[in-house]
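Quick notes on the structure that follows.
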Amino acid sequence: MRQGATVFVSFSAAVFAAVYCLPPGLWPWLGAAALLPALWCLWKKRRRGVLIALGVSAALVWCTAYRLAVFAPGEALNERRIEVTVCPTELAAETDYSYSLPCYITGKGLPIPAVIYGDERLLDASPGDTLTFSADCTCRTWLEQGEVSSQASNGIFVTLEVKSGIRRTPAGRLPWWSLPRHWGQRLAANIRAAFPDDVDPLFAAMAAGDRRGISDSDQTALARSGIAHLLAVSGMHICFLVSLLSLFTGADPRRRAAVCLPVVVIFALAVGGRASVLRACLIWVFALLAPVLGREEDTWSALSAALALLLLWNPLSAANVGLQLSFAAVAGITLVTPRISAGLRKLRVPIPKDAPRWKAFLVGLLNRLLSLLRNVLASTLGALLFTVPLVAYYFGTLSLAAPLTNLLVLPVAAAVFAAGLVTGLVGFVSPAAAGAMGRLLAWGGRYILAVARGIGGLTHSAVTLRGGYYPGFLLCVYALVLMAVLWRGQRRRWWVFVACGGVVLAAAVGFTRLTFHTGDLAVTVLDVGQGQSVLLASAGETALVDCGGNRADDAGDIAAEHLLNAGETRLDKLILTHYHDDHTNGLAALFDRLDIGEVILPRVEEDPDCQSWILALAAEEQAAVTWISSDQTASLGATRLQLFAPLGKGEANEAGLSVLAAAGDFDVLITGDMGSTVEKRLVKYHDLPRCEVLVAGHHGAADSSGETLLNAVRPQSVLISVGRNRYGHPAPETLARLKEAGADIYRTDLDGTITVTAASGGKGE
């Protein structure tokens with residue numbers, strides 16, 4: 001490894017260690033202590049040791065300085081309402097609930113990166129303006145558990161919620177530093193205006209980095225099929241751009257660098273300057289300058305230098321998932337792709353010596369196509385080998401279809417990127433001509449979406465890795481890869497390793513499906529954050545009680561993935577206890593991804609708008625609707641469901657239905673967000689059995705799971721659906737009551753998704 005790469009790697013490793021492992025108070029002391037081994041290595045004339053120690057020391061000292069200059073002033077604003085002055089860095093954008101505006105807070109020392117949330121008045125602001133207003137400040141540099149917040153990893157350290165009128169001082173004209181981003185936003189607007197509505201979000205995302213218009217269903221399809229990376233402008237898009245420019249510059253390195261360098265830098269800033277695109281920009285800057293300066297191109301030196309520069313700009317970007325995935329993909333492509341490509345070189349059609357010209361031409365054309373597909377497959381597998389562990393850790397999913405989907409889509413992706421970029425640029429000059437081009441070139445986007453929807457809709461195109469047998473399958477795959485790499489002696493037969501992987505996958509699918517249908521009744525409390533989604537499975541039939549979480553659509557996707565993991569594409573019954581968002585906001589995704597047989601709702605006057613929305617979803621799905629205004633019973637496989645009508649009035653928590661599921665001697669009670677007052681009525685008017693499982697009411701709130709209910713049902717296990725929240729759930733007094741009742745307590749925020757199964761005969765496991 002070259003000397004520069006040694007310094008860069010040691011610097012980056014120390015920053016990662018500081019962010020993930022070391023308390024900030026130790027950073028300056030460890031930075032100073034790292035100089036001691038540097039002096040010792042200098043005395044021993046060990047140059048590499050000196051470089052490593054200096055890199056570590058520089059990283060820790062830099063992290064300390066950055067924390068004092070940027071983090072500390074931001075943290076001082078946490079949970080405060082202050083009069084603040086900011087300078088916007090780009091135009092405002094609409095979010096699900098309000099408008100957001102990236103900015104820098106001024107007058108607090110160094111500018112502090114922040115984002116403003118407010119009403120449509122933010123749309124009047126432009127980069128360079130000065131805005132003054134009263135705001136509630138929240139700083140989430142680190143979360144309570146010591147984790148780096150996602151906003152901080154993206155370079156945003158403070159959130160400002162507008163609480164008074166905004167006083168704006170116009171800048172007159174856009175400052176020079178905001179021009180690339182302004183051009184990028186106008187480019188995205190041109191693309192959206194030029195292309196038809198069904199594909200303009202895809203073209204805007206791929207060519208201009210604007211992902212706002214892509215529907216949740218299409219994002220899910222792209223993720224399940226393994227091509228969600230098309231939406232994040234990164235090295236692949238920069239490579240497309242350089243290849244497009246090279247058509248006009250030729251092979252001369254000086255001309256190529258003179259044209260490509262400014263365009264690549266401006267493009268990277270125009271699409272938002274995310275970590276993945278900045279990484280690619282820096283590597284291409286090094287690659288384009290190397291031949292001009294008479295230096296040898298060194299991928300590892302360029303990669304390590306790019307990482308060090310990004311961490312220098314913001315040390316907390318070490319926790320940025322996009323940055324980690326981007327560098328892992330490049331490392332995989334650099335290390336593994338050449339070996340895979342060499343192994344696939346035999347995939348070509350030989351040309352007979354006496355073949356006529358037309359036949360030789362066709363065979364040559366076929367071989368060029370096979371070469372393209374071989375390179376695409378090799379690059380995909382190389383990138384996946386290094387990125388799959390990160391995706392599994394952060395998102396808990398694995399796209400089994402990714403190699404096939406990338407093989408079908410990537411040869412077209414370059415054309416789609418070029419079409420979107422060129423059409424958007426034409427839109428600056430002639431919107432009419434851009435519109436004509438957009439209608440003509442839309443086929444590429446439609447093809448990508450059709451492939452993603454078709455493959456992403458398959459039952460096992462993607463699987464979840466949180467429990468079950470699929471994590472074992474993944475470990476076996478990496479064991480097979482390691483065996484193939486370490487194989488010595490006889491010639492390696494790649495098909496044997498591929499066949500073994502296929503057998504292990506088939507076993508994982510079979511055992512997962514078998515486990516899902518084992519026992520008379522299985523109750524699963526899904527980990528949906530601060531919300532509730534409880535799945536009941538019995539003798540091949542399923543019911544979901546509530547479907548909501550702290551983020552819209554997440555609960556629906558989580559429930560759908562859980563069922564699809566087991567090969568189930570149908571949900572027989574959907575039961576809603578009441579109409580609050582944290583119990584209903586995942587329904588759109590759920591209806592989009594599964595066939596719903598019956599929807600069961602409490603007949604109350606609360607929230608007619610939510611009821612109308614649910615009825616519209618049911619009508620579109622052609623699902624039957626059952627209203628519960630009096631107690632009813634229903635069957636679910638080998639389980640008897642008792643649906644208790646609402647016993648309270650007024651607030652939705654008290655006007656919800658409750659569910660008692662019984663399979664033999666195994667009973668499960670679900671009360672929604674019912675409070676202790678209505679719990680007493682439930683006990684008074686119904687003969688409740690002793691329950692093996694109680695799903696705690698209202699996420700473990702202090703006014704739920706009261707003594708009256710606990711004494712009546714005497715649960716063996718209490719399952720609490722809860723996530724990070726500001727309400728204090730589960731309340732300490734509730735946990736104390738449950739413990740005193742002798743129940744085993746399980747929480748989704750600590751234990752993840754929880755499943756309790758009744759074996760044949762009704763005994764719980």
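Laboratory data are not the source of any read-out in this text; all were calculated from the coordinates shown. These figures come from a predicted structure and were not determined experimentally. Cβ atoms come from the backbone with ideal geometry, glycine included; neighbour counts cover every protein chain shown.
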Using a/c under 1.5 as the rounded threshold, could you call the range 294-335 rounded, prolate or oblate? The axes a ≥ b ≥ c are square roots of the C-alpha gyration tensor eigenvalues, and prolate needs a/b larger than b/c, oblate otherwise.
oblate
Tell me the mean residue ellipticity at 222 nm calculated for the chain from its helices only (DSSP H runs of n ≥ 4, each -39500 (n - 2.57), averaged over every residue, nearest 500).
-16000 deg cm²/dmol
Surrounding net charge for P73, when Lys and Arg each add one and Asp and Glu each subtract one, Cβ distance under 11 Å
+1
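So what is the orientation-averaged projected area of the range 220-273, using the convex hull of its C-alpha atoms, in nm²? Show your work: numbers first, answer last.
Numbers: hull surface 17.7 nm².
With the hull built on Cα positions only, its mean projection is 4.4 nm².
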Would you pull out the residues with amide H under 5 Å of V599's amide H, same chain only if 5 or more places away, H placed 1.01 Å from N?
L574, A624, V625, T626
Degrees separating the helix 676-685 axis from the principal Cα axis of the chain, which is the longest one
40 degrees
With everything on Cα atoms, drop me the angle between helix 47-66 and the longest principal axis of the chain, reported from 0 to 90° to the nearest 10.
50 degrees
Kirkwood hydrodynamic radius (Cα pairs, Å) of the range 331-371?
11.8 Å
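Round to the nearest 0.05 the FRET efficiency obtained for L440 and L407 when R0 = 30 Å and r is the Cβ-Cβ distance.
Details: r = 26 Å, r/R0 = 0.87.
After rounding, the FRET efficiency stands at 0.70.
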HN-Hα J in Hz across the range 239-249 - Karplus 6.51, -1.76, 1.60, θ = phi - 60°, x for Gly and Pro:
4, 4, 5, 5, 4, 5, 5, 5, 4, 9, 9
Averaged over every viewing direction, what's the projected area of the C-alpha convex hull for the range 616-765? Give it in nm², one decimal, please.
10.1 nm²
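Taking the inverse of the average 1/r across all pairs of different Cα atoms in the range 39-119, what Kirkwood radius in Å do you get? List each step's numbers first, then the result.
Working: mean 1/r = 0.0628 Å⁻¹.
So the Kirkwood estimate lands at 15.9 Å.
Suppose R0 equals 35 Å; then what is the FRET efficiency for W300 and T518 from their Cβ-Cβ distance, rounded to the nearest 0.05? Let's see the in-between values first.
On the way: r = 50 Å, r/R0 = 1.42.
According to the calculation, E is roughly 0.10.
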Hits in the range 121-136: amide N under 15 Å from the 7 Å Cα→Cβ extension of E161, namely 134-136
Report the convex hull volume per residue for the range 653-696, counting only C-alpha atoms, in Å³.
68 Å³
With N set to the residue count of the range 1-87, report its C-alpha Rg divided by 2.2 N^0.38 Å to two decimal places.
1.39
Distance between the range 673-743 and the range 407-466 - C-alpha centres, whole angstrom:
51 Å
Eigenvalues of the alpha-carbon gyration tensor of the range 348-406, times 5 and square-rooted, give semi-axes in Å, largest first, of 38, 9, 6
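What FRET efficiency do you get for T85 and A433 if R0 is 35 Å and r is their Cβ-Cβ distance, rounded to the nearest 0.05?
Details: r = 44 Å, r/R0 = 1.25.
The computed FRET efficiency comes out at 0.20.
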Inter-label distance, nm, simple model (7 Å from Cα along the C-beta direction), D124/D751:
5.5 nm
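What is the sum of charges around A741, taking Lys and Arg as +1, Asp and Glu as -1, for the other residues whose C-beta is under 10 Å from the C-beta of A741? Kindly include the intermediate steps, with their values, before the conclusion.
Details: positive: R714, R737, K739; negative: E707, E740.
That works out to +1.
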Amide H of A758: which non-local residues (sequence gap of 5 or more, or other chain) have their own amide H closer than 5 Å, using H built in the peptide plane?
D520, L521, A522, V523, E765
Whole-Hz Karplus couplings 3J(HN,Hα) for the range 658-666, θ = phi - 60° and coefficients 6.51, -1.76, 1.60, Gly and Pro as x, run 9, 10, 10, 9, 10, 10, x, 8, 9
By the Kirkwood definition, with r running over pairs of different Cα atoms, the chain has a hydrodynamic radius in Å of 29.3 Å
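If the viscosity is 0.692 mPa s and the temperature 37 °C, what Stokes-Einstein diffusion coefficient in µm²/s follows for the range 117-158 when Rh is the Kirkwood radius over Cα pairs? List each step's numbers first, then the result.
Values: Rh = 12.5 Å.
Rounded, D is 263 µm²/s.
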What is the spread of the Cα atoms of the range 58-215 along each of their three principal axes, largest first, in whole Å?
49, 36, 31
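Determine Rg/Rh for the range 441-573; Rg is computed over alpha-carbon atoms and Rh is the Kirkwood hydrodynamic estimate from the same atoms. List each step's numbers first, then the result.
Working: Rg = 18.8 Å, Rh = 17.4 Å.
Ratio value, two decimals: 1.08.
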If I take the Cα coordinates of the range 550-700 and project them onto the principal axes, what are the three extents in Å, biggest first?
40, 36, 28
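Seen from all sides and averaged, what is the projected area of the convex hull of the Cα atoms in the range 355-469, in nm²? Working shown, then result.
Numbers: hull surface 45.3 nm².
Dividing the Cα hull surface by four gives the mean projection, 11.3 nm².
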Say each of D198 and L335 gets a label point 7 Å from the Cα, pointing the same way as Cα to Cβ; how far apart are those two points in nm?
4.3 nm
Quick one: which residues, 5 or more positions from S635 or on another chain, have an amide H under 5 Å from its amide H? H modelled 1.01 Å from N in the peptide plane, none for Pro or chain starts.
L641
Of all lysine pairs in the chain that are eight or more residues apart or on different chains, those with Cα atoms under 21 Å apart total 5
Output row, site A479, 7 Å Cα→C-beta label point, backbone N cut-off 16 Å, window the range 505-529, residues 505-509
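Kindly give the semi-axes, whole Å and largest first, of the ellipsoid equivalent to the range 259-351, taking each as the square root of 5 times a Cα gyration tensor eigenvalue.
Working: eigenvalues 154, 66, 37 Å².
Working through the eigenvalues yields semi-axes of 28, 18, 14 Å.
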Specify the angular offset, from 0 to 90 degrees and rounded to the nearest 10, of the alpha carbon long axis of helix 470-486 from the longest principal axis of the alpha carbons in the chain.
30 degrees
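Would you kindly calculate the translational diffusion coefficient of the range 297-398, applying Stokes-Einstein with the Kirkwood radius from alpha carbon pairs, for 4 °C and a viscosity of 1.567 mPa s, and quote it in µm² s⁻¹ without decimals? Write out the running numbers ahead of the final one.
Working: Rh = 16.3 Å.
Once the numbers are plugged in, D ends up at 80 µm²/s.
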Quick one: 3J(HN,Hα) in Hz for the range 167-177, Karplus 6.51/-1.76/1.60 with θ = phi - 60°, rounded, Gly and Pro as x.
9, 10, 10, x, 7, x, 8, 5, x, 4, 6
Under 16 Å from the A251 label point (7 Å along Cα→beta-carbon), backbone N, the range 285-320:
291-292
Hull volume in cubic angstrom per residue (convex hull over the Cα atoms of the range 183-249):
98 Å³
What number do you get for the range 496-608 when its Cα radius of gyration is normalised by 2.2 N^0.38 Å, N = residues?
1.20
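If each residue of separation counts as 0.36 nm, what is the full-extension length gain between L110 and I266 once their alpha-carbon separation is subtracted? Intermediate results must be reported in sequence, preceding the final value.
Values: separation 156, 0.36 × 156 = 56.16 nm, distance 2.51 nm.
Gain on stretching L110 to I266: 53.6 nm.
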Only bridges with both residues in the chain count here: give the DSSP antiparallel percent, nearest 5.
70 percent
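So, counting K/R as plus one and D/E as minus one, what does the shell of residues with Cβ under 15 Å around E621 add up to? Mind showing how you got there, number by number?
Details: positive: R570, K573, R593; negative: D572, D592, D595, E598, E620.
In short, -2.
Order the peptides 365-373, 222-230 from the highest to the lowest mean number of other Cβ atoms within 10 Å of their residues.
Values: 365-373: 13.3, 222-230: 24.4.
Packing proxy ranking, top to bottom: 222-230, 365-373.
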Taking 0.36 nm per residue of separation and subtracting the Cα-Cα distance, what length does fully extending Q716 through R173 add?
188.7 nm
Please report the antiparallel percentage of the DSSP beta bridges confined to the range 604-762, to the nearest 5.
60 percent
With the Cα gyration tensor of the range 537-588 giving a ≥ b ≥ c as the square roots of its eigenvalues, does the rule (a/c under 1.5 for rounded; else a/b larger than b/c for prolate; else oblate) give rounded, prolate or oblate?
oblate
Placing one equal point scatterer on each C-alpha of the range 94-179 and summing with Debye, one gets log10 I(q)/I(0) at q = 0.11, 0.20 Å⁻¹ equal to -0.33, -1.03
Distance histogram for the range 632-719 (every C-alpha pair counted, 10 angstrom bins, percent rounded to whole numbers):
18, 55, 24, 2
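Give, in nm to one decimal, the length gained when the segment between D687 and Y97 is fully stretched (0.36 nm per residue of separation minus the Cα-Cα distance).
Numbers: separation 590, 0.36 × 590 = 212.40 nm, distance 4.41 nm.
Full-extension gain reported as 208.0 nm.
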